[in-house]
Structures are given as C-alpha cells and as structure tokens.
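Here's the structure, in structure tokens; my notes come after.
What follows is calculated from the coordinates using simple rules that are stated; it is not laboratory data. All values derive from a computational prediction rather than experimental measurement. Because the Cβ atoms are built from the backbone with ideal geometry, glycine has one as well, and the counts that use them run over all protein chains shown.
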Amino acid sequence: MRRLLTGILMVGALVAQTRPVEVGGANLPAQKIGPNDLIAVSVYDAPELTRTVRVGADGLIRLPMLKQRLKAVGLLPAELEQLIAQALSAEQILVDPVVTVTVVEYHSRPISVMGAVKNPVTFQAIGAVSLLEALTRAGGLSPEAGPEILVTRTQPGADGTPVTVTQRVATKALIDAADPEANVKLYGGEEVRVPEAPKVYVVGNVKKPGAYPVQDSTETTVLRMLAMAEGLAPYAGKQAYIIRRDERTGARHELPIELKKILERKAPDVPLMANDILYVPDNSGRRATVSVLDRVAGFGAATASGVLIWRR
C-alpha cells in the first residue's frame, strides 16, 4: 500500500500538476448519480486508484485502498470528487489528492415517451439518446401526432435550485427535414410528450364522416377536408356550413359557404380552423340541431354518420 504523508517533493509534485489524468468515456451533463450508474474515477499521479466503477444497487462504490465503501447516490460528480478526496486524506493514502469523477453511463435516468405514439414507453438512458431514437423505441408517431413534440427536463437553475424546462421541437423539422438541431440529445430524466393534432370534424353528406387531424393550419381548407372524407355522398346540398366556437366567449357561430361554387372553382377555397365542424346537409337544405352540435362539437367527441339529428 502506498502512503504519502508529508514529503516535500511529493507535495511539490502535486502543486505543480497542470491537469488530472484523462479517462475515456462519455462526459455526460452533470446530474445526480444514481444506482447502477457507471462512473470513471481519476486520481492524479495515482494510476492504481484510477478506474471505472459501477454504483451498487445500494448506492455505494468501492475503491481500492479505501477501507470503507462510499455513498455516491444522490451526489453530483463534483460532490463525489470532494468525498473521495476527503476519504483518501483521512485514511492517509494521499496528501491533497486531486480527484476527477466522470459519469460514463446513467442507468438511473428514465426517459418517458408518451402521447401520440404507437407504443408509449419508459426506458433507462445508457449514455446519450437522440430524440429520434426515443421515438423509435415508442414505435414511432401515431397518425394523430401533432405539429410539435415537447421535451421536458429538470435542470439546475441560476441559483442551483431545480428548474423544469420544456423544449418545443417541430415535427416536420425532425421527421421530414431531418434537421440535426431538432434531433436533440436526451441524457435521462426527460419526458417526451407528443400532443395529438387538433382536429376538424366533417359530418353530414360525405362518404367518410369523422374527425381529421390538422397537421398544417395553412393547408386545412374545405376542399382538403372533403378529400380526407373521401368526397361528397349522393344528395349533398349546394351549400355547407362551418360551425365554429369562439374560444373566448364559448359562443357558437354558423358560417354558410357556397360549396358548389368552391367545388367548381368559382369561389375561393375556405380555410378551416382547429375544432371547426364542416357540415354538409343534403339537397333539401336541412340543418343540424343544437343537440347535434353539442354531441359532435363537444370539441373532442368522436363523430359518425349516425350522430346527426335533423330539423327543417
């Protein structure tokens, strides 16, 4: 066992050191150490103490020459550095040791992927994981996925207290454009949530009534929604209605549109907003009752051809 007490030459060597020995492995962002994490411990000028160790399930680590195991769980790497240095000095193994701790793998940092994905999942991050990889583990996006992905993580604030931060990632930039900046790195402890896209409801005399996701508000128009509903059914009327709810007052507005002229390109296509109802009556001009709108425009309720109730 090597013991260094007060030798002037050795103290001088320690003071004269310029940097600690580098240890291979990923230098992940500083987070509290947890059970089963893999950490690299480097002690300057003491290669016999420099090694990679796995934190036990009980949160303790064992280092050579130290009589007792040290509690690593719940500490930041810098705090564990101080604890190891104090232990080396207390047991008279080294004088004024210089210790560096690097986290190579986080096994105690779960990543949750939820929302509009095919198979919501929670898994342990071992090293850095890209956002695309996390979504792939969840089976990819579902057809109901909205235009953005929310990545929420907790990180130290300016005063050191934990702060929850949510990053918004555009789905198109990540999936369609393959923008590397959108493919953010996850290190564990994040929650990835994919909100469902807002919907437009198409009901009445169309071939496939239903709720259709709004992926891009600039492309959500009457003609596009009719195409998604597979076109008009027989006996569809010349006029249709957009039922829209005022988000501030809750009042419902009924906006007539000249459907036949729009289809014939004699009138401009009409943009639709999220949660609009596009209602196509039959050629008798019958319109939906308030009870229909309450059931369909509960703005979240499913729509079906059998939902409608009519009045003259």
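Given the C-alpha centroids of region 240-286 and region 130-169, what is the distance between them in whole angstrom?
Between the Cα centre of region 240-286 and that of region 130-169, the gap is 36 Å.
What is the local net charge at Ala138, summed over the other residues whose Cβ is closer than 14 Å to its Cβ (Lys, Arg +1; Asp, Glu -1)? Present the calculation step by step, with values, prior to reporting the outcome.
Working: positive: Lys118, Arg137, Arg193; negative: Glu133, Glu144, Glu190, Glu191.
That sum, taken over residues with Cβ under 14 Å, equals -1.
Suppose the chain between Lys185 and Ala274 were pulled fully straight at 0.36 nm per residue; how much longer would it get relative to their current alpha carbon spacing?
Working: separation 89, 0.36 × 89 = 32.04 nm, distance 3.14 nm.
Here the segment from Lys185 to Ala274 would lengthen by 28.9 nm.
Lys71 to Arg51: FRET efficiency via 1/(1 + (r/R0)^6), r the Cβ-Cβ distance, R0 25 Å, to the nearest 0.05? Numbers along the way, then the final one.
On the way: r = 18 Å, r/R0 = 0.73.
Efficiency computed from Cβ-Cβ geometry: 0.85.
Past 31 Å, Cα to Cα: identify those pairs from Lys172/Lys266; Lys118/Lys238; Lys118/Lys207; Lys118/Lys185; Lys71/Lys118; Lys118/Lys261, in the order given.
Values: Lys172/Lys266 33 Å; Lys118/Lys238 40 Å; Lys118/Lys207 27 Å; Lys118/Lys185 21 Å; Lys71/Lys118 40 Å; Lys118/Lys261 40 Å.
In this structure, Lys172/Lys266; Lys118/Lys238; Lys71/Lys118; Lys118/Lys261 lie more than 31 Å apart at Cα.
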